[in-house]
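Shown next, in structure tokens, is the structure this report addresses.
Read-outs throughout are calculated quantities, based only on the coordinates presented, and are distinct from any laboratory measurement. The model shown is predicted, which means the values in this text are computed figures rather than measured ones. Every residue, glycine as well, gets a Cβ built from its backbone with ideal geometry; the counts of neighbours run over all protein chains shown.
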Amino acid sequence: MERPLVGTESVEPAELYARGKRLRDRAPVTAHDHEAAARERPGAKEYFAASNAGRLPELAELRRERMAASPFTFFRGAAGLMAADLAGTPSSGLAAQLCGDAHAANFGLYGTPEGRIVMDINDFDETVAGPWEWDLKRLAASLVLAGREGGIGEPGCREAAEDAVKSYRRTIRALAELPYLESWNALPDASVLSKARADELIDDFADAEKKARRNTSAKVVARWTQQVDDHETGLARHRFVEDPPVLTHVDDATAAAVAGGLVSYVDTLRESRRTLAARYRIADVAFRVVGTGSVGLRSYVVLLHGNDEEDLVLQVKQAQPSALAAHLGVPAPEHEGRRIVEGARLVQAESDILLGWTSIDGVPFIVRQFRNLKGAIDPAALRENHLDDYGRLAGALLARAHTRSLHPQLLAGYFADDEHLDEAIGAYAVRYADRTEADHAEFLG
């Protein structure tokens with residue numbers, strides 16, 4: 001008699017597929033072509049003002065400027081506004097660990113512990129369990145906005161959105177047919193391009209990979225620091241060079257508080273990595289503004305010295321509550337940094353070996369390597385025949401990410417080879433891009 005390894009219910013893959021297929025009665029795939037805006041949504045300016053809570057007020061204007069640059073940048077800073085619009089929309093009832101902000105620019109390259117370059121979702125500030133549709137719709141809408149910013153015609157923008165959904169479906173179906181260990185360990189390296197039918201991106205990926213391999217702590221130290229003499233020890237050490245408002249020094253009390261937070265952070269690493277982290281020595285701490293949606297959060301870079309002339313740079317970034325949480329009714333976690341870290345570990349194929357969390361003066365933070373072989377393909381800079389390939393690539397990566405927490409047989413059953421989902425979400429994506437352009441115009445007014 002077969003018994004489950006964990007839990008009390010033993011379910012055959014075929015039954016999971018059948019369960020997923022029955023969910024089509026609850027939410028037909030055509031139901032995902034719905035209105036863009038919720039009736040009781042906040043206005044763009046009202047949303048911006050509310051989302052500044054918990055941020056440093058002196059950076060509010062910088063955040064406004066970055067969000068105002070284009071409809072796409074406004075969209076990137078307004079995950080909570082889209083969540084308000086998606087609340088109450090048709091859902092299959094299947095939940096996954098969401099990225100929460102799966103727009104096209106939040107897929108990037110980074111290095112694995114073995115030095116391989118992979119491409120995956122790389123931002124988890126909003127991660128929470130919720131309807132898989134929310135991530136896919138945010139990705140599709142972002143592709144339309146990125147394409148418009150890049151000057152691509154409407155047919156090309158909509159094709160990129162539909163191709164992302166099509167690739168998501170195909171990847172789910174392929175993963176559902178693989179042995180569990182094989183699907184779980186599928187690494188999104190350069191080989192994913194051919195699997196996702198994104199061969200036009202081979203040169204773009206290669207260029208981004210070359211840049212990623214040069215994006216190291218050593219490069220950060222060479223560009224952002226200068227060597228000074230430490231009068232207490234008589235030794236030379238590096239210190240960050242100010243570049244206001246992006247990079248500024250902190251006072252001694254703040255530096256001490258960050259250093260204290262790193263002590264408790266080490267205990268949140270996986271056991272085999274705690275000894276590694278403890279070997280480094282803190283040399284300097286600075287404040288650094290990051291991103292678009294993250295502007296205004298407390299974010300520090302910490303310079304550490306290792307073996308001989310080795311340097312390591314860590315980022316210590318404030319963890320806010322997920323912008324999706326209030327619209328999904330999920331309970332508040334014990335620690336927002338832990339929520340982000342555990343979400344990333346669950347979703348990513350390989351997570352940063354130094355990813356952890358801490359608290360500083362009662363405020364939650366995440367800690368990770370800063371620019372550890374990181375690179376990106378800018379979706380807004382792609383030509384038309386490359387944007388749809390990028391959509392297919394991102395759709396495949398998102399599907400793999402979701403199957404870490406949601407059984408692919410359930411989703412494969414819900415899709416049941418029905419191509420109408422591509423058209424439904426494609427139409428919604430165009431409609432939501434129009435809504436975002438209207439929000440952006442209001443934001444500028």
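List of remarks:
- Listed residues 264, 294, 167, most fluctuating in the chain (Gaussian network, C-alpha, under 10 Å): 264
- For the range 104-121, the residues whose backbone nitrogen is under 19 Å from a point 7 Å from the Cα of residue 222, taken along Cα to Cβ, are 111.
- With θ taken as phi - 60° and the Karplus curve 6.51 cos²θ - 1.76 cosθ + 1.60 applied, the whole-hertz 3J(HN,Hα) list for the range 367-372 is 10, 7, 5, 9, 6, 7 Hz, x standing for glycine and proline.
- In the range 248-348, Cα pairs under 8 Å separated by at least six residues give a relative contact order of 17 percent.
- Farthest toward positive dipole pole in the chain [+1 Lys/Arg, -1 Asp/Glu at C-beta], among 386, 436, 89: 89
- Listed residues 283, 36, 84, most fluctuating in the chain (Gaussian network, C-alpha, under 10 Å): 283
- Which listed pairs, of 211/317; 211/374; 137/195, have C-alpha distances above 19 Å, in listed order: 211/317; 137/195
- Loop-located trypsin sites (Lys or Arg not before Pro) in the range 123-212, at most 12 other Cβ atoms within 10 Å (DSSP): none
- Structure-derived Cα Rg over 2.2 N^0.38 Å: which label, when the choices are [x] 0.99; [y] 1.77; [z] 1.10: [x]
- For residue 238, the residues whose modelled amide H falls within less than 5 Å of its own, excluding neighbours fewer than 5 places apart on the same chain, are 228.
- Longest DSSP-loop-exposure-free segment, GluC sites (Glu not before Pro), the chain, at most 13 other Cβ within 10 Å: 115-231
- Theoretical gain in end-to-end length, residue 11 to residue 251 [0.36 nm per residue, Cα-Cα removed]: 80.6 nm
- Simple Cβ-charge dipole of the chain, Lys/Arg +1 and Asp/Glu -1, about Cα centre, in debye nearest 20: 480
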